[in-house]
Amino acid sequence: MGDKQGMGETEYAVIGGGLVGLAVAFGLQREGRRVTVFDEGDVAFRASRGNFGLVWVQGKGVAMPDYARWTRLSAALWPDLAAELEAESGLDLELRQPGGFDICLDDEELAAGEARLGALRARLGGDYPFEVMGHNRLRRMLPHIGPKVAGAIYGPEDGHTNPLYLLRALTAAFTRRGGQIVSGPAIQDIAPLGSGFRIGRAPGWRAEKVVLCAGLGNARLAPQVGLDAPVKPNRGQVLICERVKPFLPYPTAQVRQVGEGAVQIGDSKEDVGFDDSTTPRVAAAMAKRAVRIFPMLENVRVVRTWGALRVMSQDGHPVYDRSQTCPGAYLVTCHSGVTLAAGHALRLAPWIAGGEPPVPYLESFSAQRFAVSPAA
Amino acid sequence: MPNDSPFRRLPEAGRRAVTIAFEDRTLPALEGDSVAAAILAAGIATTRHTPVSGAPRGPFCMMGVCFDCLMEIDGEPNRQACMVEVREGMRVRPMMGARGLSEGSADD
C-alpha cells in the first residue's frame, strides 16, 4: 500500500502504523488534517498485533492519579470510537465493557490489590470505582471459578475488544478518508528543516509536522527532534486456546474469551530486552494459573502462542510531549494502545492538530517528569 | 451408499483392514490411515461446521496445520483428524460449531 519510501509531502507525518499511530492519524483526519502514516515492514516489533485486547482501567495510575483519570476518560470514550469505526469500516470491534475482574488466588494478593486501589481512590478524592469480592460473591458472577480462587477485584469500567479488528478498522477508516500509509524500511532519520521536517534519508518526505508513534522505535527518533522517549521493551506471552462455547461473560486480567470463542491467556511480564520469543516455562506457568482460576480449562487445547513487547517508559505511564526546540514535533507513546485508543483519537489528536490541551493535567505526561525525579 | 470420493487408494497390500464409525455410518479403513484420510476416501466432504459463521468445512492440508479437519474422536472434541491414526471401532463425529466445556474435576 502506498508509495515506496521516497519523495512526497504531507501536512502531518505520523511515524508508526500501529494502534497508537493510526489512532492519532485518524484523530488528525477528523480535525481536517492531511496525514501520512509511515509504517515499518513486518520485521517490526508489532505490539499492536500481539496484545491482549483489554480495555482496562483498574490498577492503572496507582502511582500517578492523572494516568488513572486519563485511562478512565478513554474507556468512557471507547463506545464513541467503536461506533464511528464500525460505521466507517463495517467491522464489529467486539467491544464489551461489562466490567472486569482481576482474579486473586490467595488472600494476600487480594488484600494487596485492595490496598493499592484504595490508596488510589483516596488520592482521587473517592472518585474511583472498584469492588473487592470474596470467593462466594465472585462465584455468583463467574460460576466457573475454581475452589482455590480467593476472590477478585471488580472494576466496573473494564472491558475488552478485538485488537486486530481495531487495527484493521483504523486502517480502513484512515485510508478511506484519503490517508496514505507508506510501508517500508523503518524511518531512522528525521531532520528539522527551516520549516517542517524531512522524514527519512534525503531526499525523503517533507512534512509540516511530525508525530512520533513508533513504539520502541521512538527512543532513537525522539532526540532528533528535541524530544526524549525513554522506553524499553517488556515481554508478554499469550496463549490462544481453541474456540469454545461462551463460558466467561466478563474479561479478567488473566483470562478472557474473545468474541469468536477462543480463550486467551496471558499476564506474563518479563524484562528480556528485544526478544519476543515464547518459552515453555512461562507458558506452562500461565496455563497452570488459568486452570486454577477456571478448572474447566484443564482439557482445552492451546493452539497458538506468541510473545510481544510492551513499550514501557520508566514508570509505565504514557509519554505525551511537544518539542520545545523543534516546533511541530510531537511524541505519543504508551503501553496501552488499545485502552487509550479512544483518548488518542478523540482527545489527544485535536491537541496535536493545534487545539487546546484536552485535559488540564496533560503536562503530567511530559517526559520532563523523568528529569525532575530520577528516582521514580 | 456409493462411494463417489474423488480420492482413490493406491493398490497396496499388507495393511490390515479396520472399520470406524462416522456418525451412524461404518467406514472401511486401513491400519495406518489418518482419520481424515479414511473419511475422505469414503467420500465424505463435510466434517465440521465453523464456530463463527457455521460454514461447512472438510480436511484440507492433511499435515496438522490448517485445523480444518477438526472432529470429535472417541468423545474428545476438536481433534485434528489428520493427525490421528484410525483404530478398530473408533467413533468419529463431525465437529458442529464450538466445543462446550464441562465442569471438570481439575484441581484438588
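Summary of values
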{"read-out": "Within 10 Å of each Cβ in A:285-296, the average number of Cβ atoms from other chains", "value": "2"}
{"read-out": "Cα-centred dipole magnitude for the range B:17-96, charges only on beta-carbon of K, R (+1) and D, E (-1), debye, nearest 20", "value": "220"}
{"read-out": "Neighbouring partner chain Cβ atoms per residue of A:299-309, average, 10 Å criterion", "value": "2"}
{"read-out": "Equivalent ellipsoid semi-axes, the range A:36-129, via Cα gyration tensor eigenvalues times 5, rooted, Å", "value": "30, 18, 15"}
{"read-out": "Assigned charges on the beta-carbon of Lys, Arg, Asp, Glu; chain A dipole about Cα centre (debye)", "value": "440"}
{"read-out": "Cα lying deepest toward the dipole's positive end in the range A:88-204, options A:113, A:141, A:194, charges on Cβ", "value": "A:194"}
{"read-out": "Beta bridges by DSSP in chain A, antiparallel share as percent, to the nearest 5", "value": "65"}
{"read-out": "Degrees separating the helix A:65-89 axis from the principal Cα axis of chain A, which is the longest one", "value": "80"}
{"read-out": "Cα centre as origin, Lys/Arg/Asp/Glu Cβ charges: the range A:171-229 dipole, Debye", "value": "220"}
{"read-out": "Chain A - percent relative contact order, Cα under 8 Å, separation 6 or more", "value": "25"}
{"read-out": "The range B:17-96 - percent relative contact order, Cα under 8 Å, separation 6 or more", "value": "37"}
{"read-out": "Furthest towards positive pole of dipole, B:41, B:102, B:55, structure part chain B, Cβ charges", "value": "B:41"}
{"read-out": "Full-stretch length increase - residue A:289, residue A:122 - with 0.36 nm per residue and alpha-carbon distance subtracted", "value": "57.0 nm"}
{"read-out": "With Cα atoms, 0 to 90° folded angle of helix A:163-176 axis to chain A main axis", "value": "30"}
{"read-out": "Highest average packing first - A:176-182, A:218-224, Cβ atoms within 10 Å", "value": "A:218-224, A:176-182"}
{"read-out": "Cβ-based charge dipole, the protein assembly as shown, positive-most Cα from A:324, A:210, A:259", "value": "A:210"}
{"read-out": "Those lysines that a straight Cα-Cα span of less than 27 Å connects to residue A:60, excepting residues fewer than 8 apart in one chain", "value": "A:148, A:232, A:269, A:288"}
{"read-out": "Computed log₁₀ I(q)/I(0) - Debye formula, equal Cα scatterers, no solvent, the range A:267-376, q 0.13, 0.19 Å⁻¹", "value": "-0.71, -1.03"}
{"read-out": "Alpha-carbon Debye profile of the range B:17-96, log10 I(q)/I(0) at 0.15, 0.17, 0.20 Å⁻¹", "value": "-0.42, -0.55, -0.77"}
{"read-out": "Spin-label proximity, residue A:279 to the range A:214-241 - amide N less than 16 Å from point 7 Å beyond Cα toward beta carbon", "value": "A:233-239"}
{"read-out": "For the protein assembly as shown, alpha-carbon Rg over 2.2 N^0.38 Å", "value": "1.13"}
{"read-out": "C-alpha center-to-center spacing [the range B:6-67, the range A:158-236] in angstrom", "value": "49"}
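A short reminder: the numbers here are calculations on the coordinates, not readings from a lab. Quick caveat, the model's predicted, so the values are computed rather than measured. Virtual Cβ from ideal backbone geometry, glycine too; neighbours counted across all protein chains shown.
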